[in-house]
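Asks: Following this message is one structure expressed as structure tokens.
The values are calculated or read from the model by the stated rules, or taken from the named source; none is laboratory data. All figures in this text were calculated on a predicted structure; none of them were measured in a lab. Using ideal geometry, Cβ is built from the backbone for each residue, glycine included, and neighbour counts are taken over all protein chains shown.
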There are 2 protein chains.
Amino acid sequence: MIGVVKVKACGLIVEYNPFHNGHLYHLLQSKNITGADCVIAVMSGSFLQRGEPAIIDKFHRAKAALTTGVDIVLELPYPYAVQSSNLFATGAVLTLSEIGVDSICFGSEHGEIESFTTGYDLFTNNKDSYNTTLDKYLKEGLSFPAASTKAYHEIGLSNGDIDLSQPNNILGFSYVKAIMDYQLSIQPYTIQRTSSNYHDTEIKNNIASATSIRKQLLEDEKNLLDVSNTLPTETVNQLQSYKDKGGIWHSWESYFSLLRFKVMTMSTEEIASIEGVDEGLEYRIKDTVLSANSMYEWFESIKTKRYTWTRLQRIFVHILTNTQKNEMNLIKQATTVPYIRLLGMNQTGQAYLNKIKKSLDKPIVTSYSRDQFPMLEMEERATNAYYSVLKPKQMQKLRKQEFKSPIIV
Amino acid sequence: MIGVVKVKACGLIVEYNPFHNGHLYHLLQSKNITGADCVIAVMSGSFLQRGEPAIIDKFHRAKAALTTGVDIVLELPYPYAVQSSNLFATGAVLTLSEIGVDSICFGSEHGEIESFTTGYDLFTNNKDSYNTTLDKYLKEGLSFPAASTKAYHEIGLSNGDIDLSQPNNILGFSYVKAIMDYQLSIQPYTIQRTSSNYHDTEIKNNIASATSIRKQLLEDEKNLLDVSNTLPTETVNQLQSYKDKGGIWHSWESYFSLLRFKVMTMSTEEIASIEGVDEGLEYRIKDTVLSANSMYEWFESIKTKRYTWTRLQRIFVHILTNTQKNEMNLIKQATTVPYIRLLGMNQTGQAYLNKIKKSLDKPIVTSYSRDQFPMLEMEERATNAYYSVLKPKQMQKLRKQEFKSPIIV
């Protein structure tokens, strides 16, 4: 794949929920560092890595990114998107590899790529020891992230060097690990995420986290004006446009009545067959449904040291999207992605795709069809679940984009 | 069972959706004809025989009936209630038999019991011929009721005598058939349903069908005043009381968004595993979900000559309640009911139960519990689905009755 084309492409792994000034800074810095002519983002679709519905749909988020300078936006397939860091990273890196990127560039708290690559060597040389320690802490009832951080620490990783308890270091390390494990010809780069180290002062002064932006938007829609200085103009437009078309700003609470109904009419065996549910969690989920008055209350009443809020959120996304363990097992065993889903592109992106399309090993798909990949069927279910909180006419209109040509800006 | 007690009990098979003056007439006439001291109604619970949600919950409907003169109200288990006439009749008659009724009395268009019993003999003597003709018409694409009517006609039943295309004659014939097939010691009686033949003029002038009463109530809640002359006072009270406690007057449209979500996230294989779905109907159900703007539109877009409105309604109840073919198959093979669910009673009913309870073969249950009958689990799911259109606090409050002692008036 690599070497067929002259155009240098850099891959970004993103959620853009929504696309804000920090993302713009990441985009500009990535071009700078890698010298890429074309920037390709692989973006979570309807639901996000931490197990939340995206605030607006993928098409409006993709359009904001494309208008602001990303050249191509691909969809990270649902079965990879709503997963812990390793599977998330695998799906993203494999997708970017199929589309032929030379490099990826990710933000991290650490900010120096060497520690990630030497860390990988340390990790592979001590894999058994890592796994033993990981198992020990999992058995003690720690959550996977907590147990993994401790296991990294004990094999000497993250001792005074790269801190693998930091969320973006963990993700970054997973990207590097996926590249190395699959022996992909992709050069990893990282930029430091801490906003105090940002050099571009004009943007820097107007950076807020996606979390804080969403919080304000979901609190009161009038806050769009207040957060608009942290967002590129096109993001403000798309947030507004999605709502104007009859969309809402999606949050967990939008899905409460649907999930309550679903769980109240499922048997515990059926809940146990859902991706991520194990160790008798099906009983806890069912026992708590009747007394919960909101998603927040429901999560609170289930969560334990082992079942973190994030893990529960992912499980509840899988209940909502009816994602079965047996379909996920097939995907977890796969070593490639079956297709590349193109959400949109600009002219630079279009030119890049024209040049490389003959050398692609995997089909580019833009739309759902009757006889499709099992993974695309899961994507369609996820999209259906996502839109199912909208009124019928609005749902029909917004969902149509799924069957149209990709967005071109 | 029969003969153990001196008190004469008459069974009624009812839905009371809601209990109206026609039902009161049926109750009084039944006591008259049978000379029963105790009247026991077996009533559909959350969902009804024609595949509709009950307008108010079973407890408020039961209370109206008990206050107006029914002595005991039992629940017809969900797996029997939402079914075509034969299985509906079997569940009802077997339940009444377990509680020890001496007779049943049903309303019919025909009005004369002899034709039902001689009809049964004609039917059993020509069963093979009936089945052959039934199959032929089913293969031609007729619905079951239409094919069955034709098959009855061809074996000489319903020729000028009992008209088995009339809905209450069909149900009545199914009751008689169930009594005879299971060789139960129950004497069947019938009264004529046509209101013009009603003798009790005081009630007669104020009789309207449950369908027309519901139509008016669902159109505008203010119509409660207009229909109140067709309802016993206690029904008006219970309709109001259910709403005052945070309930709604349930209709199919209340369930549209839940069903749309459910179907949009089910695979066709999963839809095909639902009770009643066959011959590829799963594709039709899935293909039509996205364009429907209401339950009405959805039913309209699926229905065919073979898939009547009623049959589709039943299937959609089963989707809502997650009723699987494999759990129903066990029930269809059963020759007794596993328990008697008591919803409520008055003092006459209480005295009756005290006298006969030692001679009962089946347990009387009033509440759901952890280790319960599979059929009661299905009932709980149905109840959960029924209440899931209410807000959490109201749902919690109203659902509590499920775990309380039976209603005593």
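Asks: Do we find that B:GLU270 is under 15 Å from A:THR265 (Cα atoms), acidic (Asp, Glu) and assigned to a helix (DSSP H, G or I) in this structure?
Replies: Answer is yes for this residue.
Asks: Quick one: how many residues across the stretch B:392-409 are part of a helix (DSSP H, G or I), more than 9 Å from every other protein chain (Cβ to nearest Cβ) and not basic (Lys, Arg)?
Replies: 5
Asks: Determine if the stretch A:321-333 includes at least one residue that is away from chain B (no Cβ under 14 Å) and farther than 28 Å from A:MET375 by Cα.
Replies: There is no residue in the stretch A:321-333 that is away from chain B (no Cβ under 14 Å) and farther than 28 Å from A:MET375 by Cα.
Asks: Same structure again: Restricting attention to helices (runs of 4 or more DSSP H) lying wholly within the stretch A:60-142, give those where 3 or more residues are surrounded by fewer than 22 Cβ atoms within 10 Å (Cβ to Cβ) and modelled with pLDDT under 95.
Replies: By residue number, A:113-125, A:127-139.
Asks: Give A:VAL317, A:VAL389 a once-over and let me know the one that is under 29 Å from A:TYR242 (Cβ atoms), of a type in the set (Val, Ile, Thr), within 14 Å of chain B (Cβ to nearest Cβ) and in a helix (DSSP H, G or I).
Replies: Of the residues listed, the single one that is under 29 Å from A:TYR242 (Cβ atoms), of a type in the set (Val, Ile, Thr), within 14 Å of chain B (Cβ to nearest Cβ) and in a helix (DSSP H, G or I) is A:VAL317.
Asks: If you don't mind, another one. For residues that are in a loop (DSSP other than H, G, I, E, B) and aliphatic (A, V, I, L, M), tally how many sit in the stretch A:226-252.
Replies: Result for the stretch A:226-252: 2.
Asks: Looking for something β-branched (Val, Ile, Thr), modelled with pLDDT under 95, assigned by TED's automatic domain parsing to the domain that holds A:GLY91 and surrounded by fewer than 21 Cβ atoms within 10 Å (Cβ to Cβ) - is there at least one such residue anywhere in the stretch A:338-355?
Replies: no
Asks: How many of the residues in the stretch A:88-108 are among the polar types (S, T, N, Q) and closer than 26 Å to A:LEU376 by Cα?
Replies: Looking only at that region, the number is 3.
Asks: Hey, another quick one. Among the residues of the stretch A:283-298, how many are surrounded by 18 or more Cβ atoms within 10 Å (Cβ to Cβ) and over 15 Å from A:LEU258 (Cβ atoms)?
Replies: Number satisfying all stated conditions: 1.
Asks: Of A:THR288, A:THR268, which residue is within 14 Å of chain B (Cβ to nearest Cβ) and in contact with an Asp or Glu (Cβ under 6 Å, 6 or more places away or on another chain)?
Replies: Step by step, each of A:THR288, A:THR268 is checked, and only A:THR268 is within 14 Å of chain B (Cβ to nearest Cβ) and in contact with an Asp or Glu (Cβ under 6 Å, 6 or more places away or on another chain).
Asks: Considering only residues of the stretch A:234-265 that are within 11 Å of another protein chain (Cβ to nearest Cβ) and free of Cβ contacts under 8 Å to residues at least 24 places away in the same chain, which is surrounded by the fewest Cβ atoms within 10 Å (Cβ to Cβ)?
Replies: In this case the residue turns out to be A:SER257.
Asks: For the stretch B:361-386, what are the residues that are facing another protein chain (nearest Cβ under 9 Å) and among the small types (Gly, Ala, Ser)?
Replies: B:ALA382, B:ALA385
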